[in-house]
């Protein structure tokens, strides 16, 4: 079957996702249209294609243990000079993102891996472009803000054309609601005054 490159992320919903993607392209980032706007939970990772069902099962379990949380973006930051990236900051929801990415990369799971840099949730708006364009991205989005309820995450695969495509979404909460305990029909329920 060969190998595939996957990633796991929280999509930035509309209209925010398209707006940030267009701005990223406008700053001169050629990769912008191939990368849906997102907060990374698992960076690009090469896996054997035969492992995808196990990975999906693992992600289903991670999502089942998760709960919806508020996400809020505000202002810009940069990883320069360590990495040529300008991003919009996650100012609410960062702890939940950190918990999720750790569960996704769990040592006992199918995509266990170490990170090159410590995890820092963010939304990239410029990557690997010239310094003047990076500065422009940093300044123009300094007052940017968006918020939404995060209800899950998705698994993506990078095609041979470099474009990232969604394979499957994972919604937070139990996959199966456990049956509720019910009283026997002849039981007398206590009456409260």
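The values are calculated or read from the model by the stated rules, or taken from the named source; none is laboratory data. This structure is a prediction, so every number in the text was calculated from the model and none was measured. FYI the Cβ positions are ideal-geometry reconstructions off the backbone, even for glycines, and counts take in every protein chain you see.
The table that follows gives values for the structure above.
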quantity: Selection from the stretch 70-97 of residues that are touching a residue at least 12 places away in the same chain (Cβ under 8 Å), surrounded by fewer than 17 Cβ atoms within 10 Å (Cβ to Cβ) and over 26 Å from residue 130 (Cα atoms); calculated: 70, 72, 91, 92
quantity: Options 156, 138; residue that is more than 19 Å from the chain's Cα centre (by Cα) and surrounded by 15 or more Cβ atoms within 10 Å (Cβ to Cβ); calculated: 138
quantity: Condition broken by residue 59, with the remaining ones in (1) modelled with pLDDT under 95; (2) surrounded by 18 or more Cβ atoms within 10 Å (Cβ to Cβ) satisfied; calculated: (1)
quantity: Which numbered condition residue 136 fails, given (1) under 19 Å from residue 22 (Cβ atoms); (2) free of Cβ contacts under 8 Å to residues at least 60 places away in the same chain; calculated: (2)
quantity: Unmet requirement for residue 14, which otherwise passes all of (1) surrounded by 14 or more Cβ atoms within 10 Å (Cβ to Cβ); (2) out of contact with any strand residue (DSSP E or B) (no Cβ under 6 Å at 6 or more places or on another chain); (3) more than 17 Å from residue 163 (Cα to Cα); calculated: (1)
quantity: Top-ranked residue of the stretch 101-119 - restricted to ones that are within 20 Å of residue 37 (Cα to Cα) and in contact with a helix residue (DSSP H, G or I) (Cβ under 7 Å, 6 or more places away or on another chain), ranked as surrounded by the most Cβ atoms within 10 Å (Cβ to Cβ); calculated: 104
quantity: Any chance residue 46 is part of a strand (DSSP E or B) and surrounded by fewer than 17 Cβ atoms within 10 Å (Cβ to Cβ); calculated: yes
quantity: Matching residues, the stretch 162-193, being modelled with pLDDT under 95 and under 30 Å from residue 77 (Cβ atoms); calculated: 162
